[in-house]
1. Taking the conditions exactly as written (hydroxyl-bearing (Ser, Thr, Tyr) and within 20 Å of Ala108 (Cβ to Cβ)), does Thr193 satisfy them or not?
2. If I filter the range 209-223 for residues that are within 18 Å of Glu143 (Cβ to Cβ), of a type in the set (A, V, I, L, M) and touching a helix residue (DSSP H, G or I) at 6+ places or on another chain (Cβ under 9 Å), do I get at least one hit?
3. All but one of (1) out of contact with any helix residue (DSSP H, G or I) (no Cβ under 7 Å at 6 or more places or on another chain); (2) over 26 Å from Thr186 (Cα atoms) hold for Leu90; state the number of the condition that does not hold.
4. Grab the helices (runs of 4 or more DSSP H) fully contained in the range 1-111, keeping just those with 1 or more residues being under 14 Å from the mean Cα position of the chain (by Cα), at pLDDT 95 or above and crowded, with 17+ Cβ neighbours inside 10 Å.
5. Within the range 183-221, work out how many residues are surrounded by 14 or more Cβ atoms within 10 Å (Cβ to Cβ), within 30 Å of Arg131 (Cα to Cα) and of a type in the set (D, E, K, R).
6. Within the range 127-135, is there a residue that is of a type in the set (Val, Ile, Thr), within 17 Å of Pro32 (Cα to Cα) and assigned to a strand (DSSP E or B)?
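The values are calculated or read from the model by the stated rules, or taken from the named source; none is laboratory data. Quantities reported herein were computed from a predicted structural model and do not represent experimental measurements. Here Cβ is always computed from backbone atoms with ideal geometry, including for glycine, and neighbour counts include all displayed protein chains.
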Amino acid sequence: MPGPVAVDYSRLASTYDRVRSSPREVQEFWLPALTRLADVPEGSLVLDVGCGTGRISVPLSERHRVVGVDASREMLDVARSKGSPARFLLGDAARLPFPGGRFSVALAVLVLHLLPDFRSAVGEMSRVAARAIVATVDIRRRETHAIDKAFPSLQGIDASRFPRIPAIEQAFRAAGCRSVERHDATRRVEASTEEFLDRVRGKYLSTLSLLPPGEFERGLAWLEEELPRRGPRYTYSHTVTFVVAST
């Protein structure tokens, strides 16, 4: 089981939206995938666990009633500043402050690897919602690209953080879910070379904050020299795994 992640998300809140998925990626990949797998009518009550700055919650609230929960006050302040109808609450994914069966769907998008105990979060999602969707990455199948060469420790750190897919599926079954399914989807990430370098400088992957001393600086310097040689745009693809469970 992954241990606690020593990343100060309060310091990342102000730049998080800029260095994470672009609004275009949210609209073209995340929202279509999540709404299709959620399979609930417009206006349903949806919980976004680990909502951060509301990158998913805010656009999702255009068609659903959305509640976002996060452990970072600073992230929630950014989410609330966007003026959406979504509600944002401070809370712990392992102890969600809601009665059982409150939501039609509970989402956790690239969140489980950030938690000290992902099984408790899975159990809580199953308790408060009729349907739960976890988006994660199967590290054993993850496609490598330039960032892996730049930061040699990255894959090993991620392998210790991301729960294995069978373990997530088993956690849902242990929580009483009758149906547990896996769906894989290819996500294409494309940006100008400078935009991608800006994401790296902003440590768009939380793992970049966990590298051994000096590795981030060395890797960033290599990327800043190498990527412009490859062209004006940087593109890579990776597989996102969705585990969908129903009680």
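1. Working: hydroxyl-bearing (Ser, Thr, Tyr): yes; within 20 Å of Ala108 (Cβ to Cβ): no.
For Thr193, the condition - hydroxyl-bearing (Ser, Thr, Tyr) and within 20 Å of Ala108 (Cβ to Cβ) - is not met.
2. yes
3. Only one criterion in (1) out of contact with any helix residue (DSSP H, G or I) (no Cβ under 7 Å at 6 or more places or on another chain); (2) over 26 Å from Thr186 (Cα atoms) is unmet by Leu90, namely (1).
4. Numbers: elements: 9-19, 31-38, 57-60, 73-80.
Output list reads 31-38, 57-60.
5. So the answer is 1.
6. Applying the first criterion (of a type in the set (Val, Ile, Thr)) to the range 127-135 yields 128, 133-134.
Narrowing the set further to residues that are within 17 Å of Pro32 (Cα to Cα) leaves 133-134.
Now drop any that are not assigned to a strand (DSSP E or B), which leaves 133-134.
Yes, the conditions are met somewhere in the range 127-135.
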